[in-house]
1. State the extension gain, in nm to one decimal, for the chain segment bounded by Arg42 and Leu62, taking 0.36 nm per residue of separation less the distance between their alpha-carbons.
2. Taking the beta-carbon count within 10 Å as an exposure proxy, list Phe71, Phe54 from fewest neighbours to most.
3. Projected onto the charge dipole of the chain (+1 at Lys/Arg Cβ, -1 at Asp/Glu Cβ, origin at the Cα centre), which of Val58, Tyr32, Val2 gives the Cα projection farthest towards the positive end?
4. Using the Cα centre as the reference, give the magnitude of the dipole from point charges on the C-beta atoms of the chain (Lys, Arg: +1; Asp, Glu: -1; all else neutral), rounded to the nearest 20 debye.
5. So what is the relative contact order for the chain, in percent, with contacts set as C-alpha pairs under 8 Å and at least six apart?
6. Cut-off is 10 Å between beta-carbons; in what order do Tyr32, Tyr8, Tyr73 appear when sorted fewest neighbours first?
7. Over region 2-63, one equal point on each Cα, no solvent: what is log10 I(q)/I(0) by the Debye formula at q = 0.13, 0.19, 0.25, 0.30 Å⁻¹?
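What follows is calculated from the coordinates using simple rules that are stated; it is not laboratory data. Bear in mind the structure is a predicted one, so any value in this text is a computation, not a measurement. For neighbour counting, all protein chains shown are included, and Cβ atoms are generated from backbone atoms with ideal geometry for every residue, glycine included.
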Amino acid sequence: MVAQMLEYAANGLEYWSMDKLRQAAPETAQKYGKSLDEEIRRLKEDEEADIEEFWNIVEDNLRNHRVRLVFVY
């Protein structure tokens, strides 16, 4: 599993576009009965978090090849 995550990160930077991420993220959240905006705010521990600012940071991080892998088991 670790090797697969590392491969995703290494190759994902070349293939993930903001359009794809912004489309896939809410679809995945909905699949699990969640609201993406609420989950982003929960993860940021800020009920007033600016969702558009979050996506701008994501885009900047991808552009600069800054990625954090989180392993949960």
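1. Extra length available between Arg42 and Leu62 comes to 5.0 nm.
2. Least crowded to most crowded, the residues run Phe71, Phe54.
3. Projecting each Cα onto the dipole axis, the largest value belongs to Val2.
4. Dipole magnitude for the chain comes out near 400 debye.
5. In percent, rounded to a whole number, it is 30.
6. With the fewest neighbours first, Tyr32, Tyr8, Tyr73 line up as Tyr73, Tyr32, Tyr8.
7. -0.42, -0.85, -1.14, -1.18
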